[in-house]
Amino acid sequence: MTKHYFEFSCPVKMVAGFRALEHISFELDTRGASRPLIVSDKGVVGAGLVDTVLAAIATGGGQVGPIFDDVPPDSSMEAVRAGAARYLDSGCDAIIAVGGGSVMDTAKALNILATEGGVDLRQFAGYNNLKRPLKPFIAIPTTAGTGSEVTAISVIKDREEGVKTFYCSPFLLPDVAVLDPRMTLKLPPMITAATAMDALTHAVEAYTCLARNPMSDAYAEAAVRRISQWLVPVLLRPDEAEGRLALAEAAAMAGIAFSNSPVGLVHALAHTIGAMYGVHHGAANSIFLPFVLEFNLPGSRQEIGALLLSLAGPEVYAATPASRRAEEAIDRIMALKDKAHELCGLPRTLAETGSVPREDLPRIARTALDDGTVVMNPVDVTYEGALRVLERAW
Ligand SMILES: [Fe+2]
């Protein structure tokens, strides 16, 4: 049920389109910055994407500072410290992140140290422990999934303490998110599908969770519509720039939706098998999404049914009896999974991942209950319920 009270915020400026990168120099100039540190990783640099960004900034008359590309796949405290040292030693005055989730997380945390100087990052861990704005920060995602360019959270692995620390504050939000299809044109089909299914899950969970509200609903519906319309065409024609842009927009919209109306059981299960067996986050979400929606039917039948309009279009929605729309919406997501499996091998089940032992399902169910995301799931999650979903997903 929609709450009578809600909060919604997204102060990130979106700069999106076929030549969005060329506008970065204007955004830097507006913020009085002329020496941004470029934060990226070796893969993104090797793919030539940082060169594309640098050329676009030069075209716009802008300048950049050094490139820090030592971000590991799983962002680490060491990388944050090394990046901050580079920022401070080089007299930088802004940060431009070019990459996926780990690069974004690293850049956000690095911005804390760049602003606060040589302090222990850990003192800012948790919720709302930043008290002033950070340095100008421009995010350029090179995948279309996490929505990290519009979220106020950063997760950093702390090897010394053996834990993952998280930082959540509105001051971590980028000032600008730049969505340009040139950044995702070369993404391999499997990563394209997995990240798009992550974004779809963000939108669907935001739309069906207990904190849903009219604003997050609007972003979630728009995200679901774009992914339903464009994922298969992009898998068939990877250099389809219009579709790439639509998927990037969808990921940002879904990020805005779940920043204001959190994810639920799908993510709890995906976090668990990601940590235990290294299953890709988007692939894991894709596996669980329809089975969790089946589980959630008693608490959110109406919302799941309403999503059929965005998933299948007005003709199908109108032709489907109201009492059948929720099941039809779930069937559409199953069909999207089947198509992605056919086109790029995205696993549809836990068995197809080849890395989750069936005898571990009870342990996965128990562990998932401790994931904070289950709190907003529209149906109470019990051990038996989680196990039932896992067995369906097997
Ligand atoms: Fe996710």
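The values are calculated or read from the model by the stated rules, or taken from the named source; none is laboratory data. Since this is a predicted model, take the numbers as computed values, not measurements. For neighbour counting, all protein chains shown are included, and Cβ atoms are generated from backbone atoms with ideal geometry for every residue, glycine included.
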> What pairs can you find where one residue is in region 277-292 and more than 18 Å from Pro188 (Cα to Cα), the other is of a type in the set (Ser, Thr, Tyr) and more than 11 Å from the ligand (Cβ to nearest atom), and their Cβ atoms are less than 9 Å apart, with a gap of 6+ or different chains?
Replying inline: Tyr277/Thr353; Tyr277/Ser355; Gly278/Ser355; Ile287/Thr349; Ile287/Thr353
> Filter region 264-283 for residues that are among the hydrophobic types (A, V, I, L, M, F, W, C) and surrounded by fewer than 20 Cβ atoms within 10 Å (Cβ to Cβ); which is nearest to Ser148 (Cα to Cα)?
Replying inline: Ala275
> His4 passes all but one of (1) under 28 Å from Asn260 (Cβ atoms); (2) outside any strand (DSSP E or B); (3) in contact (Cβ under 8 Å) with a residue 12 or more places away in the chain; which number fails?
Replying inline: (3)
>> Being buried (at least 18 other Cβ atoms within 10 Å of the Cβ) and not assigned by TED's automatic domain parsing to the domain that holds Ala284 narrows it down to one residue among Val119, Val150; which is it?
In response: Val150
> How many residues, within region 69-89, are in contact (Cβ under 8 Å) with a residue 40 or more places away in the chain, of a type outside the set (Gly, Ala, Ser) and closer than 16 Å to Phe137 by Cα?
Replying inline: 3
> If you go through region 116-153 one residue at a time, how many are assigned to a loop (DSSP other than H, G, I, E, B), among the hydroxyl-bearing types (Ser, Thr, Tyr) and within 16 Å of the ligand (Cβ to nearest atom)?
Replying inline: 3
> Looking at (1) touching a helix residue (DSSP H, G or I) at 6+ places or on another chain (Cβ under 7 Å); (2) of a type outside the set (Phe, Trp, Tyr); (3) free of Cβ contacts under 8 Å to residues at least 24 places away in the same chain, can you tell me which one Lys164 breaks?
Replying inline: (1)
>> Of the residues Thr208, Thr201, only one is more than 16 Å from the chain's Cα centre (by Cα), β-branched (Val, Ile, Thr) and farther than 30 Å from Arg31 by Cβ; which?
In response: Thr208
>> among the hydrophobic types (A, V, I, L, M, F, W, C) and more than 24 Å from Met14 (Cβ to Cβ): which single residue out of Val45, Val71 fits that description?
In response: Val45
>> If a residue must be within 16 Å of the ligand (Cβ to nearest atom) and either surrounded by fewer than 24 Cβ atoms within 10 Å (Cβ to Cβ) or not assigned by TED's automatic domain parsing to the domain that holds Met197 (or both), how many such residues does region 220-263 contain?
In response: 3
> Which residue pairs have Cβ atoms closer than 6 Å, lie 6 or more positions apart in sequence or on different chains, and pair a first residue in region 37-58 that is among the charged types (D, E, K, R) with a second residue that is outside any helix (DSSP H, G or I)?
Replying inline: Asp41/Asp69; Asp41/Val71; Asp41/Gly99; Lys42/Asp69
> So which residues in region 310-329 are part of a helix (DSSP H, G or I) and of a type in the set (Ser, Thr, Tyr)?
Replying inline: Ser310, Tyr317, Ser323
> Could you say which residue among Ile57, Ile24, Ile96 is buried (at least 17 other Cβ atoms within 10 Å of the Cβ) and assigned to a strand (DSSP E or B)?
Replying inline: Ile96
> Could we say that Gly62 is part of a loop (DSSP other than H, G, I, E, B) and either farther than 18 Å from Thr184 by Cβ or touching a helix residue (DSSP H, G or I) at 6+ places or on another chain (Cβ under 8 Å) (or both) here?
Replying inline: yes
> Here are some conditions: (1) in a loop (DSSP other than H, G, I, E, B); (2) surrounded by fewer than 16 Cβ atoms within 10 Å (Cβ to Cβ); (3) of a type outside the set (D, E, K, R); (4) within 16 Å of the ligand (Cβ to nearest atom). Phe166 meets all but one. Which one does it not meet?
Replying inline: (1)
> Checking Phe171 against (1) aromatic (Phe, Trp, Tyr); (2) in contact with a helix residue (DSSP H, G or I) (Cβ under 7 Å, 6 or more places away or on another chain); (3) closer than 23 Å to Ala97 by Cβ, which single condition isn't satisfied?
Replying inline: (2)
> Leu343: of a type in the set (A, V, I, L, M), free of Cβ contacts under 8 Å to residues at least 60 places away in the same chain and in the same structural domain as Gly278 (by TED's automatic domain parsing), yes or no?
Replying inline: no
> Is it the case that region 283-291 has a residue that's among the hydroxyl-bearing types (Ser, Thr, Tyr), at pLDDT 95 or above and within 14 Å of the ligand (Cβ to nearest atom)?
Replying inline: yes
>> Which residue is surrounded by the fewest Cβ atoms within 10 Å (Cβ to Cβ), if the candidates are limited to region 169-211 and must be among the polar types (S, T, N, Q) and either away from the ligand (no atom under 16 Å from the Cβ) or at pLDDT below 95 (or both)?
In response: Ser169
>> Ala84 - would you say it is within 17 Å of Ala33 (Cβ to Cβ) and assigned to a helix (DSSP H, G or I)?
In response: yes
